[in-house]
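**Q** My structure is below; once you've seen it, I'll send some questions.
The values are calculated or read from the model by the stated rules, or taken from the named source; none is laboratory data. Since this is a predicted model, take the numbers as computed values, not measurements. Heads up, the Cβs are rebuilt from the backbone with ideal geometry, glycines too, and the neighbour counts pull from every protein chain shown. Surface accessibility is based on the protein's heavy atoms, side chains included, excluding ligands, DNA and RNA. Shrake-Rupley method; radii C 1.70, N 1.55, O 1.52, S 1.80 Å.
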Amino acid sequence: MNQLSRQSSITQPITKKTRKRRIAYLFLDWDLYLLALPGIVYFLLFKYLPMWGILISFQDFSPFLGFWKSEWVWFKHFQELFAYDHFWNLMRNTLLISFYQLIFFFPVPIIFALMLHEISKTFFKKLIQTIIYLPHFISWVVIASITFVLLSGGGVVNHIIEAMGGKTVNFLSEPAIFRTLIVSQDIWKEAGWGTIIYLAALAGVDPQLYEAAVMDGANRWKQLWHITLPTIRNTIIILFLLRLGHIMDVGFEQIFLMLNSLVRNVGDVFETFVYQKGLVEGQLSFSTAVGLFKSIISLIVVAVANWLVKKAGEDGIY
């Protein structure tokens, strides 16, 4: 009977009075919509509106002919991409750097947040937070310059090695070191900034849980394992899924500044490839096809990971 009454209420025509009531209900939270308006406008202008540009990946686009007069070639540029001699090398480099970032960089903000959460003195806690946040505001150009001063053939580190009787190593031209260097820069620059969301999640942990755990004889490690981590588990999973959405993005500016001819074989990624083909060589349609390919791969990875997370009984991102 309940199902029948529910179906009948759904099929009933919406009267003018009901429509007015629904509109009035929506406007009860007008202030929240106003707060969301800048974000909505931003996404419409800079995320959704430019999406029509992916259509030029199916064209031989010419700026002189324009979008409407350029020739449609459909999947020609994708075929060229897959037939490109260094395609698999680009794929390997991109995925390896991205996986290294997931394995070594992703846990660091969590560890920092847990350590900061344990500091009881507010002054020292804020001081440490400020110190680890600062690198986020330094541009990659400055960081690349600092790296060059420290690790080049005549850099500070090599002077120390020479003073200790060792042989100089040009870290910037060693292919075996390049990916480690990239991930290390990421950790130094962004790990502190990444703690913000985790600290916000930790602030929501009920202190009474810790008090009850202490009464039961739980030490700090057991409190961490049985209270703190389970409480922020949802946040960790959501941020992990969001990070998977950028699995094909490893940071153009950083890679571009650190890349040189001696490490190109291990450091050339899709983003530097797009720059070379799109801006340097002017192959706009081909570079757009590469960007679309990256987006599709990232979408598939996120969708599969989200499905697995939901199958495991956790909350996904949708």
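**Q** Restricting attention to the alpha-carbon atoms of region 247-307, what are Rg (one decimal) and Dmax (integer), both in Å?
**A** Values for region 247-307 (Cα only, Rg and Dmax): 13.2, 41 Å.
**Q** How many nm is it between the label spots at TYR42 and GLU118, if each spot is 7 Å from the Cα in line with the beta carbon?
**A** 3.5
**Q** Rounded to two decimal places and with Rh computed the Kirkwood way over Cα pairs, what is Rg over Rh for region 200-318? It would help to have the intermediate numbers written out before the result.
**A** On the way: Rg = 21.6 Å, Rh = 17.9 Å.
On the Cα set of region 200-318, Rg over Rh gives 1.21.
**Q** Under 13 Å from a label point 7 Å along Cα→Cβ of SER295: give me every residue in region 58-99 with its amide N that close.
**A** Answer for this model: 58.
**Q** Taking the convex hull of the alpha carbon atoms in region 161-219, what volume per residue do you get, in Å³?
**A** Values: hull volume 10.5 nm³, N = 59.
Considering the Cα atoms of region 161-219, their hull volume per residue is 178 Å³.
**Q** Once both labels are modelled 7 Å past Cα along the beta-carbon direction, what's the LEU127-GLU71 spacing in nm?
**A** With each label point 7 Å from Cα toward Cβ, the separation is 6.9 nm.
**Q** Once fully extended, how much extra length lies between HIS246 and TYR84, figured as 0.36 nm per residue of separation less the alpha-carbon to alpha-carbon distance? Walk me through the numbers before you get to the answer.
**A** Values: separation 162, 0.36 × 162 = 58.32 nm, distance 2.31 nm.
Fully extending the segment from HIS246 to TYR84 adds 56.0 nm.
**Q** When the helices in the chain are scored as -39500 (n - 2.57) per DSSP H run of 4 or longer and the sum is shared across all residues, what 222 nm value do you end up with, to the nearest 500 deg cm²/dmol? Show your work: numbers first, answer last.
**A** On the way: 18 runs with 198 residues, N = 318.
Value at 222 nm, helices only: -19000 deg cm²/dmol.
**Q** What do you get for Rg/Rh over the chain if you use C-alpha atoms and the Kirkwood form of Rh? Before the final figure, lay out each step's value.
**A** Details: Rg = 26.0 Å, Rh = 24.4 Å.
On the Cα set of the chain, Rg over Rh gives 1.07.
**Q** Carbon and sulfur together cover what percent of the accessible area of the chain at a 1.4 Å probe radius?
**A** Details: 14320 of 20860 Å².
Whole-percent figure for carbon plus sulfur exposure: 69.
**Q** Cα convex hull of region 59-104: how many Å³ per residue?
**A** Working: hull volume 5.0 nm³, N = 46.
In region 59-104, the Cα convex hull volume per residue is 108 Å³.
**Q** Within region 96-134, report the trypsin sites (Lys or Arg not before Pro) that DSSP leaves as loop and that have at most 12 other Cβ atoms within 10 Å.
**A** Values: sites: LYS121, LYS125, LYS126; in loops: LYS121.
Filter output for region 96-134: LYS121.
**Q** Heavy-atom accessible area per residue, the chain, 1.4 Å probe: how many Å²?
**A** Details: 20860 Å² over 318 residues.
Each residue of the chain exposes 66 Å² on average to a 1.4 Å probe.
**Q** Note down the Stokes-Einstein diffusion coefficient of region 99-224 in µm²/s, whole number, using a Kirkwood radius over alpha carbon pairs, 20 °C, and 1.002 mPa s.
**A** Working: Rh = 17.4 Å.
The calculation lands on 123 µm²/s.
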